[in-house]
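K.L.:
Let me begin by handing over the structure; questions about it come next.
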Amino acid sequence: MSALTGYRRKSAGSLAWHIGAFVVLAVVLYPVLWVIGGSLKPSSQIIGSLDLIPTSPITKNYSRLTEGIADIPISTFFVNSLVLAVGSVVGVLISCSLAAYAFAKIKFAGRNALFAVMIGTLLLPYHVLLIPQYVLFQKLDLINTYTPLLLGKYLATDAFFVFLMMQFMRNLPKELDEAARLDGCGHLRTYWLIVLPLCRPALITSAIFTFINSWNDFLGPLIYLNEPSKYTVALGLKMFVDQDAVADYGGMIAMSLVALLPVLAFFMAFQRYLVDGMATSGLKG
Amino acid sequence: MTHIQDAAPERLGKSSGAQDGPGAPAVPAALKRRGRQENLAGFLFLSPWVVGLVVLTAGPMLVSLYLAFTDYNLFDSPKWIGLQNFTDMFGDPRWQKSVRVTLQYVAIGTPLKLLLALGVALLLNQNRRGQAFYRAAFYAPSLVGASVSIAIVWRALFADDAIVDRTQQLFGMQAGGWISNPDMKIYSLVLLTVWQFGAPMVIFLAGLKQVPGELYEAAEVDGAGTWRRFWNITLPMISPVLFFNLLLETIHSFQVFGSAYVLGSQGSSCGPADSVLVYTCYLYDQGFAGGRMGFASAMAWLLLITVGLVTAVLFWSQKRWVHYEEATR
């Protein structure tokens, strides 16, 4: 086989690969493209039409969103979601990194047993805790506040992130924290000055996943919040849909897209960390 | 996990080295102090986690176990009724329906999702230009898939005479609507989970990258075709990753809630005709909408036991089909 035909075969294979990959991608992303197009069509034309690109694009669906939902401006839902998401990120970063440091770097009595318990909580279905936690927060008169949605984040109940950060800390060179100990650093200073800065990739991955999980969370807010002015974007969206039984598809779809924006923006900015973090830790989005 | 267990003998070795003298069982005071300090530090660093474990995990677990044997409506004090919640459950047609729907969702959705994930991972594993782009693009649905937005969009996509229906007609298939047809609706939910194949795909891709290229070269020299190379090299080599994905996806699938709840909300949640009444949907319905906290707790414990059993069976089965390389362990 001459070099030329070899090259030709290779480029033909490459072309076939790109066509194949592109076709699969087109099928997978079709719903997304359809939604973007749909948000610019009048409601009556959304359901029955196969066109991706609207024939005469309109912005009415978006301008309708300024009216708000049930007298509550849409920005309220966004602020609420943002408060919860940022609050969750801060909590997870502090509490999970502390626990991870203890498991990775401190040799204390009972570590193995506690570690096994921590791994066990990874597999525990959340629904077993749902009802007693609700009863607890109800007795404490904390229903319709953000405490039930945030408390767990500050108490390191997200074992996945403890595990992720711990794996990362264990792979740091031992010499670094040993040197810090010799220089007279206690654990707190070693944690803060040496280990945390080196763990930035694990912290960023955890932060992004926490933000997105919190933003997408539906069950938590559904159970704990009952006053529309405290609703998150997810609940606001649901309310919007319920209210519009007549099927204002245009408004619904525009609102859905707007609700996805923060997640998509995060994804664009950090997709490298996210996808790599996924691969190394097996973390679920 | 093994690393942590390794740590103990290492510490033993150090302390015995420090007390070389003949018959000196006492640990030197300095080391003892050091050990106490370590214990204190460990406890302090772990304290948020320990509080969370007691208050938000272990305590609630015990309470929920107790509630599972009671009649409790959140306002009156719980009344012990023994196994009645469980016997009620088995005789309840809506509960039976929720079990059927969930099993359908898990049994159809999980294999399809993993198959698609593996297929795309194999496609992307060839070193071509733009791989990073494709990888990210395929992963995107996994991130947004769990949101209310996508569930709403899904309803629009699968509505009668909407885009999916019309596309089917284009290909000459009989279209009967998905969302309003109770027999078909579950498949739109299944497709929603299959659509989020990006997460297992990325894990598969990481596994595929670890397969040594020499193995393929050797097989090619021996004249093995593409299919045989896949069957005899790729599949055994990535079986640990396949196991991991299978375990994770199965456990997750059993717990699906939000998308079913939103997709199914037309008048009643998870409808019509309970067509997407997944297990957790019925749990929510009974506990939070119906005020039967005891019954819902019993349901939750049954879910816990089921997930535990499925996990155990998967772990037991892995001896037969998961291939771990001895050299690396």
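The values are calculated or read from the model by the stated rules, or taken from the named source; none is laboratory data. For clarity, every value in this text was computed on a predicted model and none was experimentally measured. Note that we place each Cβ from the backbone using ideal geometry, even for glycine, and neighbour counts take in every protein chain shown.
K.L.:
Across the range B:143-196, what is the total count of residues that are among the polar types (S, T, N, Q) and closer than 30 Å to A:THR205 by Cα?
P.N.:
4
K.L.:
Among the listed residues B:PRO60, B:PRO78, B:PRO141, identify the single one that is closer than 30 Å to A:GLY236 by Cα and over 19 Å from the mean Cα position of the chain (by Cα).
P.N.:
The match here is B:PRO60.
K.L.:
Additional query: Could you look through the range A:40-63, keep only residues that are facing chain B (nearest Cβ under 10 Å) and part of a loop (DSSP other than H, G, I, E, B), and pick out the one that is nearest to B:THR167 (Cα to Cα)?
P.N.:
Filtering first and then ranking leaves A:LEU50.
Yes/no matrix, rows are residues, columns are (1) at pLDDT 90 or above; (2) within 30 Å of B:PRO236 (Cβ to Cβ); (3) surrounded by fewer than 19 Cβ atoms within 10 Å (Cβ to Cβ):
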| position | (1), (2), (3) |
| --- | --- |
| B:ASP165 | no, no, no |
| B:LEU170 | no, no, yes |
| B:GLY177 | no, no, yes |
| B:ASP183 | no, no, yes |
| B:ILE186 | yes, no, no |
| B:PHE197 | yes, yes, no |
| B:MET201 | yes, yes, no |
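K.L.:
Go through the range B:225-329 and tell me which helices (runs of 4 or more DSSP H), entirely inside it, have 2 or more residues that are at pLDDT 90 or above, over 21 Å from the mean Cα position of the chain (by Cα) and buried (at least 23 other Cβ atoms within 10 Å of the Cβ).
P.N.:
It comes to B:293-321.
So that you can scan it fast, the table gives a plain yes or no per residue for (1) under 31 Å from the mean Cα position of the chain (by Cα); (2) within 19 Å of A:ILE253 (Cβ to Cβ); (3) hydroxyl-bearing (Ser, Thr, Tyr); (4) loosely packed, with under 12 Cβ neighbours inside 10 Å:
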| position | (1), (2), (3), (4) |
| --- | --- |
| A:ILE19 | no, no, no, yes |
| A:LEU25 | yes, no, no, no |
| A:TYR30 | yes, yes, yes, no |
| A:LEU33 | yes, yes, no, no |
| A:GLY38 | yes, yes, no, no |
| A:LEU52 | yes, yes, no, no |
| A:SER63 | yes, yes, yes, yes |
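K.L.:
Take the conditions in contact with a Pro (Cβ under 6 Å, 6 or more places away or on another chain) and polar (S, T, N, Q) and apply them to A:GLN133. Does it pass?
P.N.:
So A:GLN133 passes the test.
K.L.:
Now a separate question. Only residues that are of a type outside the set (A, V, I, L, M, F, W, C) and crowded, with 16+ Cβ neighbours inside 10 Å: list them for the range B:40-72, please.
P.N.:
Scanning the range B:40-72 gives B:GLY42, B:SER47, B:PRO48, B:GLY52, B:THR57, B:PRO60, B:SER64, B:THR70, B:ASP71, B:TYR72.
K.L.:
Moving on to the next point. How do the pairs read when you match residues in the range B:290-310 that are free of Cβ contacts under 8 Å to residues at least 12 places away in the same chain and facing chain A (nearest Cβ under 7 Å) with residues anywhere that are among the hydrophobic types (A, V, I, L, M, F, W, C) and part of a helix (DSSP H, G or I), using Cβ under 8 Å and keeping only pairs 6 or more apart or on different chains?
P.N.:
B:LEU304/A:VAL128
K.L.:
If you don't mind, there's one more thing I want to ask. From the list B:PHE158, B:PHE138, B:PHE133, which one is closer than 30 Å to B:GLY207 by Cβ, surrounded by 14 or more Cβ atoms within 10 Å (Cβ to Cβ) and at pLDDT below 95?
P.N.:
After ruling out the rest, the residue left standing is B:PHE138.
K.L.:
If you don't mind, there's one more thing I want to ask. Would you check which residues across the range B:172-215 are away from chain A (no Cβ under 12 Å) and within 16 Å of B:ALA121 (Cβ to Cβ) and list them?
P.N.:
B:VAL211
K.L.:
Only one of (1) at the interface with chain A (Cβ under 9 Å from one of its Cβ atoms); (2) touching a residue at least 24 places away in the same chain (Cβ under 8 Å); (3) farther than 30 Å from A:MET255 by Cβ; (4) in contact with a helix residue (DSSP H, G or I) (Cβ under 6 Å, 6 or more places away or on another chain) is not met by B:ALA117, so which one is it?
P.N.:
Here B:ALA117 meets the rest and fails (1).
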